[in-house]
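Report on the structure given below.
The values are calculated or read from the model by the stated rules, or taken from the named source; none is laboratory data. Owing to the predicted nature of the structure, the values given are computational and were not obtained by experimental measurement.
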Amino acid sequence: MIRAVALAGALVATVAPAAAEPVEVGPATLALAPAWSGEPAAASPAPADTPLVRRHRDGAVLTVSRAPVGNLDAWRSKTRGAYLDAVEAGFLGPGTVRLGGARPRLGKAEVPVLDLTFRRTAGGTTEVVAVRVLLFRTVTIAAAAAAPDTRAGRRLVEAAVATLAPTK
């Protein structure tokens, strides 16, 4: 009986997906599944102009960038809506169609968050893109993932960017 339990435990351990190790990106972390690969992040904290890039085994690409851009208007209730609408408009240009994503909101640790999913067509290729933007007071961190325009691709990219969260 003990041998059977040990064998079952070993089988579950080999079948279960490996836990994602969080990657520190300034005052935020990103916890991707092991199917996302790429070079490890630069020494933490990485310079603001060094993006983190990961590829998924199914062909999706994810980038995380950090910029020293203040977002005080996102923190003020009177100006938050207009500010987040302007950030959203920066992602939606010609050849894009908004698919969904949460409206601008306050997220974990009361940091304003913008989640957005859209479809874009460029060079005859259509892809789905999911974006999460964390608007800290003195820094902006954005994760964007793109995949072929399929239901599976949309689920993949939305799940990937959803792992970006403030560390506080």
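Any idea which of 98, 103 is assigned to a strand (DSSP E or B) and at pLDDT below 90?
Numbers: 103 fails: assigned to a strand (DSSP E or B).
So the residue among 98, 103 that is assigned to a strand (DSSP E or B) and at pLDDT below 90 is 98.
Would the stretch 77-84 turn up any residue that is under 16 Å from the mean Cα position of the chain (by Cα) and either at pLDDT 90 or above or of a type in the set (A, V, I, L, M, F, W, C) (or both)? Even if it seems obvious, please write down each step before you answer.
Taking the stretch 77-84 as the starting set, the residues that turn out to be under 16 Å from the mean Cα position of the chain (by Cα) are none.
Among the residues of the stretch 77-84, not one is under 16 Å from the mean Cα position of the chain (by Cα) and either at pLDDT 90 or above or of a type in the set (A, V, I, L, M, F, W, C) (or both), which makes the answer no.
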